[in-house]
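Remarks on the structure that follows.
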Amino acid sequence: MTNVPGVIIKSKFKLPQATRRARRYTTYLNYIDRPDTKARAQQFENYHDYMEDELKSSGLFTATQDRLSATEREQLREIFRRAQDNGSILWQDVISFDEVWLQEVGVKENRYVDEKRLMHATRNATALMIDKEQMRHATWTAAIHYNTDNIHVHVATVETTHPRERGKRKPKTIEKMKTQVVHTLSDRTREQEKLNAFIRDEVLAHKRSLSTTSASTRILHPELVRQYKTIQKQLPDDKRQWYYNMNSMKELRPSLNQLTDTYLATYFKKEHTEFKQRLDTEVAFYERSYGSAYQASAYQKTKEHDLYKRMGNTILSEMRESCKSTQKVAKASSGPSPKQRIRSAFRRERIIQETLYRIGRHMNDEWEHIQNQKAYELLQHEVEHDR
């Protein structure tokens, strides 16, 4: 496999206040300088001529348009000319691709190149750069070039108003631009979903359904139980600290990771081997794409950390629930506390008082009814007597 990176980004910028007039707004790279086209005071426009040269380029495109009409090209030139007059810096980026890599990700097939995907990747990377560098008044244009051994995209960016004085951008921004290009052109969603599914749908789901301290686990896998109880005894008193990434868990993380390894070896030996093979494939792809082991190693560490963190938190969650159950049993066996007994006495007294009140109301109602009934019978007797 070739060691040539799949994607390379080279960046530079030109300051408007250069002291030597001959160096003001020189062309995108020194080798493409063409002084015979226009006056050097119009180098921004000269660069547009180079970018849309039909012998080299697919033509200019922008954040919203794949092709520009003659009128739109002139309007764009005018924007760049005004930016130059206002003292804007010209940022110049070249995104270069290894053609074998483009074939691997399906952008190039024989002589056909999917320019739509290259434009989409350029737009994503440039939008990210503008956002990270807070270039709120930026305008950019780009073109895909075929005039060298490697297909590449030239990108020119200016600030139309409120130009900044310094052109240097953060190295992290350029690295993130490259990452954005790689992710846009190479859809690794399916491969990464397989890695995530192993962690989420297999390992964690299995752990949540199986108690480490169950009778079957104690009999069949005593080493799991031993490691589990050893960690449990060393946990801090404050249960709010029982999370994998908490500082208070730093000393226990190696033990939690070891318990995760034992768990995987016990229940997912074959599946874990396949997981590591898939992860190695992804690491090799990223190393191939970036031409460096740094990003690839970072991806591998991130995915492995995700496995240990999620599994560690699942184990700690089980320990919290186990602790709650133990406390409930102890609470029930120790009987009510003095405060609970006082509350219970007040509750009984209130119930008795309410009951006596209802009985009294009922008796009063009955007494009135008896009296009324007697009065009625007396009245009836007197009526009968008068007849």
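The values are calculated or read from the model by the stated rules, or taken from the named source; none is laboratory data. As the structure is a prediction and not an experimental result, all values here were calculated from the model. Neighbour counts run over all protein chains shown; Cβ positions are idealised from the backbone, glycine included. Accessible surface is based on the protein model in full, side chains and every heavy atom, while ligands, DNA and RNA are left aside. Shrake-Rupley method; radii C 1.70, N 1.55, O 1.52, S 1.80 Å.
Numbers for the structure displayed
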| read-out | value |
| --- | --- |
| Too-long pairs where the Cα-Cα distance tops 20 Å, listed order kept, from LYS207/LYS229; LYS14/LYS170; LYS176/LYS276 | LYS176/LYS276 |
| Cα centroid separation - region 275-300 against region 155-174, whole Å | 31 |
| Per residue, in Å², the accessible surface of region 124-250 once ligands and nucleic acids are set aside, probe 1.4 Å | 56 |
| By accessible area with a 1.4 Å probe, ligands and nucleic acids excluded, highest first: order of TYR299, TYR294, TYR243 | TYR294, TYR243, TYR299 |
| Three-way shape label, region 126-227, alpha-carbon gyration tensor, a/c 1.5 | prolate |
| FRET efficiency, GLU175 to VAL100 (Cβ-Cβ, R0 22 Å, nearest 0.05) | 0.50 |
| Gain upon complete extension [ASP187, HIS162; 0.36 nm per residue less C-alpha separation] | 5.2 nm |
| Percent accessible area from carbon and sulfur atoms, region 162-259, protein chains only, probe 1.4 Å | 50 |
| Whole-Hz couplings from phi, Karplus 6.51/-1.76/1.60, listed for region 194-202; x for Gly and Pro | 5, 5, 5, 5, 4, 5, 7, 8, 10 |
| Alpha-carbon spread of region 197-308, three principal axes, descending order, Å | 49, 32, 20 |
